[in-house]
Each structure stands twice: as C-alpha cells, then as structure tokens.
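The values are calculated or read from the model by the stated rules, or taken from the named source; none is laboratory data. Everything numeric here is computed off the predicted structure, so don't read it as measured data. Note: ideal-geometry Cβ built from the backbone for every residue, glycine included; neighbour counts use all protein chains shown. Note: accessible area is taken over every heavy atom of the protein model, side chains too, but ligands, DNA and RNA are not part of it. Shrake-Rupley method; radii C 1.70, N 1.55, O 1.52, S 1.80 Å.
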Amino acid sequence: VPAVELRDVSVTYQTPKGEIPALAGINLGIAAGEFVAIVGPSGCGKSTILSLIAGLLKPTAGDILVSGERAGLHSTRVGYMLQQDYLLPWRTVRENALLGLELMKEVRTEREKKVEALLENYGLGHFLHHHPQELSGGMRQRVALVRTLAVEPEIFLLDEPFSALDYQTRTTIQEEVWRALRASRRTTILVTHDVVEAVAMSDRVIVLSARPAEIKRELVIDFGVE
Ligand code: ADP
Ligand code: ADP
C-alpha cells in the first residue's frame, strides 16, 4: 500500500468572487519511506496538496488515501512544518516543544524526557527555559522541528520550512532535517519553490504547472547510495 495516494484529484475553491480552480486531475503515489519534493510557481496548488493529505481539506473530486485509508478518517500521525514556526511567545522553548505531545495525551514524564533529549540533540539544551523571542530564527525553527519530531509522525509534511531563514542557517537546518528524516526513513513531502533545495533533499521532484495545476513532469533523483 502506498503511504499516500491521490487519484484524479481536483480542487476548486469557492469564494465570494467566484470559483478558483487550484488542482486539475492530479494522480500521485508516494511509497512509504520516500522523500518527495513538489515544486512549481507560486499559487499553483502546492500547499493545497499538503492540506488534502493532512485531511484539512476535502477535494472537489477524486480520492486521497493515506496508508490505504481516506484522508481525514485515517489514524495516521501527520506532522506539519511551515515557514512560520508558530511558537507560542508566552511559553518557554521546552513548553513549546511539548505542545504536540500534550495534545496526544502521552504520559507526562516520558514525553518530557523525549523532548528534552531531542532539544539537547539540536543544541538547545541550554535554552529550555528561554522564550522564543530570545532565540535566532534558526533556533526557533529547530524548536518547531523538535515539536514535530516528538510526536513521531508517520508522514512529514514540510511547506517552505526554510524560506524565512538566511542562507547560512538555511543550509545547516536543511541538512539537520534531512538527516533526521532520512535516519527514520519517514515518508516526507517537501513543498518548495527552491529547485536546488528540492533536488538536494529528495528522491523525486514533482513539478507542477501553473494553476490549475497538473503534474508537468517528474524527475527521479538517484544518488546510488545504499
Ligand atoms: P501554492 O502553495 O503553490 O502557492 P496554494 O495551494 O496555496 O498554492 O493555492 C493555489 C490556488 O488556490 C491559488 O490561486 C490560491 O490563491 C488559491 N487558494 C488557496 N487557498 C485558498 C482558499 N482557502 N480560498 C480560496 N482560494 C484559495
Ligand atoms: P536540459 O535542461 O539540459 O535540456 P532536461 O531538463 O530535459 O535537460 O533534463 C535534465 C536531466 O534530467 C536529463 O538527464 C534527463 O534525462 C533527466 N530527466 C528529465 N525528465 C525526467 C523524468 N521525468 N524522469 C527522469 N529523468 C528525467
């Protein structure tokens, strides 16, 4: 069973100004453990695809299957990482990183140990009790990464997670994220407008055409590793 499958999926947004077609008849299969990047011009429907997979949006037509089940109904854990880190300013680094697990009602001491170990891993061990506004953009994005990794999602969705970072930090964090997700062989879908990032990080690059998007081409990146 593919980890993610889109069958003839179309999305048309209904707005007061009329209909906005976003996706037109997309077919897509992503195997478990695969790292796929989706690139395409702004507004072509990349984020829309992630919302469908996360079960946050229903398609106008077609089916979205996650581990063989209809998205939205599935029990699969989906992790979402976005351009903005969405850290809560009144919570400390440690409390922010615990957010995802709190929602899942995991046992308190276990989840605290797990999160602290992860924060330590990402060089945030000395900042557990700092607040987000005291951290650099790169450190904040690392806290967001830890918050997402902590819930051990089966599928990781990344929507332009590095685009707010300066070049130097971006390169470092790209590598950290790549290592974290590769090491766990987690199914990952990265949306980006940065073609170099897409090629550097993924096994396969899917190029969408301008709106309403169809799949224009697919490029399989095989480094011959393993
Ligand atoms: P991308 O991520 O590639 O920039 P999006 O998926 O965000 O593209 O958007 C695809 C198209 O759908 C765009 O024209 C956008 O304006 C429109 N759109 C996205 N979300 C909504 C919404 N909630 N309501 C109306 N139109 C939307
Ligand atoms: P150029 O821009 O130099 O004309 P292309 O962009 O057409 O080259 O292709 C670059 C490389 O990617 C080529 O080696 C080509 O064979 C390969 N390639 C292009 N499209 C695909 C695809 N859908 N699947 C696998 N490889 C592809």
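Each residue in the range 38-52 was checked for being over 14 Å from the mean Cα position of the chain (by Cα) and not hydroxyl-bearing (Ser, Thr, Tyr), and 5 of them qualify.
Residues in the range 188-205 that are in a loop (DSSP other than H, G, I, E, B) and either within 16 Å of ligand 2 (Cβ to nearest atom) or surrounded by 20 or more Cβ atoms within 10 Å (Cβ to Cβ) (or both): Thr192, Ser202, Asp203. Select from the range 53-62 the residues that are modelled with pLDDT under 95 and either part of a strand (DSSP E or B) or within 17 Å of the chain's Cα centre (by Cα) (or both) and write down the one among them that is nearest to Gly100 (Cα to Cα). So, considering only residues that are modelled with pLDDT under 95 and either part of a strand (DSSP E or B) or within 17 Å of the chain's Cα centre (by Cα) (or both), the one nearest to Gly100 (Cα to Cα) is Ala54. Could you say whether any residue in the range 108-119 is in a loop (DSSP other than H, G, I, E, B) and open to solvent by less than 50 Å² (accessible area, probe 1.4 Å)? The answer is no, given that none of the residues of the range 108-119 is in a loop (DSSP other than H, G, I, E, B) and open to solvent by less than 50 Å² (accessible area, probe 1.4 Å). Checking the structure you have, find out if any residue of the range 174-187 is open to solvent by 50 Å² or more (accessible area, probe 1.4 Å) and among the β-branched types (Val, Ile, Thr). Looking for residues that are open to solvent by 50 Å² or more (accessible area, probe 1.4 Å) and among the β-branched types (Val, Ile, Thr), one finds none in the range 174-187, hence no.
In the range 120-154, what residues are in contact with a Gly (Cβ under 7 Å, 6 or more places away or on another chain) and not in a helix (DSSP H, G or I)? Break it down stepwise before answering.
If we filter the range 120-154 for residues that are in contact with a Gly (Cβ under 7 Å, 6 or more places away or on another chain), which is where we start, we get 147-148, 150-151, 153.
Answer for the range 120-154, where residues must be in contact with a Gly (Cβ under 7 Å, 6 or more places away or on another chain) and not in a helix (DSSP H, G or I): Val151, Pro153.
Against the definition (without any contact (Cβ under 8 Å) to a residue 24 or more places away in the chain and open to solvent by 30 Å² or more (accessible area, probe 1.4 Å)), how does Arg142 come out, yes or no? So Arg142 does not fit the description; no.
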